[in-house]
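Here the structure comes first, spelled out in structure tokens, and everything after it is commentary.
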Amino acid sequence: ASTHFHADHRLPVKDRAIGYGPRDGGWALSLSDWEQVGDGSVLTTVLDLARWVHNFEDPKVGGQGLVDELQRKDRLTSAEEIDYAEGLRIGSYRGRATAGHSGSWAGYRSNVLRFPSEKAAVIVLCNAETAEAATIARNVAHVALADRLGPAPPPEPAPSPSPAPTSQPRKVTAAELGSVPGRYRSDGLGTDLGV
């Protein structure tokens, strides 16, 4: 009802939340000034996302075939199965299967965390580039599904403070990047990266 691909960034949208980011000790607008239709530029609401999530339980849009395909994990050319499906990350959290996705662009952060066995989902939409939508979603799940989830994970250690930069960042060469092959996980982005 309120979702569309925003194919012209100059057009106003009624009731649109504006994105913000920290700047010079305060806040400033953080908006995209170009279209990113396809993997982005989807403007939506929590209610429309709830309708989409409900479609996985009662597939009126696309039918069961589409719902099954969206949740089928992909394979790399090496035949290794990965946790990414057709636009959804399939995994588990505190002993329960999950499906969902996060998003971030300019001053916006989002996360949909669905628990299929519980017929429940947490939907988080934020308009601050500092928001950690995936963490917020997990924290809401801790409360809303407390009696249905497995044991809570141990708290993560506090990160060490980063040293102050002494100069401009330098570009990493392809040879240097090749010297650190592996698979890296970013919980903040909710994604894996392979190098």
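For the chain, the relative contact order is 15 percent, taking Cα pairs closer than 8 Å that sit 6 or more residues apart in sequence and dividing their mean separation by the residue count.
Maximal additional length on extending the A146-L76 stretch stands at 21.7 nm, based on 0.36 nm per residue less the C-alpha distance. Each of L47, L66, Q36 was placed along the dipole of region 36-83 (beta-carbon charges, centred on the mean Cα), and the one lying farthest toward the positive end is L47. Here the gap between S160 and A50, fully extended at 0.36 nm per residue and compared with their Cα-Cα distance, gives a gain of 35.8 nm.
Bridging of K73 to lysines at a Cα separation below 28 Å is possible for K60, K119, once same-chain residues fewer than 8 apart are set aside. Largest to smallest in accessible area, the residues D48, D74, D15, D68 fall in the order D15, D68, D74, D48 (1.4 Å probe, all protein chains included).
Taking the average, over residues, of other Cβ atoms within 10 Å as the packing measure, peptides 17-30, 95-108 rank 95-108, 17-30 from highest down. Overall, region 52-161 carries a charge dipole of about 200 debye about its Cα centre when +1 sits on the Cβ of Lys and Arg and -1 on the Cβ of Asp and Glu, all other atoms neutral. Adding -39500 (n - 2.57) for every DSSP H run of four residues or longer, then dividing by how many residues the chain holds, sets the calculated 222 nm ellipticity at -5500 deg cm²/dmol. So what does log10 I(q)/I(0) come out to for region 1-132 at q = 0.13, 0.16, 0.21 Å⁻¹, using the Debye formula with one equal point on every Cα and no solvent? For region 1-132, the Cα-only Debye profile gives -0.66, -0.94, -1.32.
Heavy atoms only, probe 1.4 Å: what % of the accessible area of region 13-60 goes to carbon and sulfur, would you let me know? The computed percentage sits at 57. Rolling a 1.4 Å probe across the protein heavy atoms gives region 8-155 an accessible surface of 61 Å² per residue. Which one of G150, T77, T98 has its Cα pushed farthest toward the positive end of the charge dipole of the chain, where Lys and Arg give +1 and Asp and Glu give -1 at the Cβ? Farthest along the dipole direction, towards plus: G150.
Within 14 Å, Cβ to Cβ, of V143, how many net charges do the neighbouring residues add up to if Lys/Arg are +1 and Asp/Glu are -1?
Neighbourhood net charge equals +1.
The values are calculated or read from the model by the stated rules, or taken from the named source; none is laboratory data. Bear in mind that the values here come from a model prediction, so they are computed numbers and not experimental data. Positions of Cβ are generated from backbone atoms using ideal geometry, with glycine treated the same way; all protein chains shown enter the neighbour counts. Accessible surface areas use protein heavy atoms only, side chains included; no ligands, DNA or RNA. Shrake-Rupley method; radii C 1.70, N 1.55, O 1.52, S 1.80 Å.
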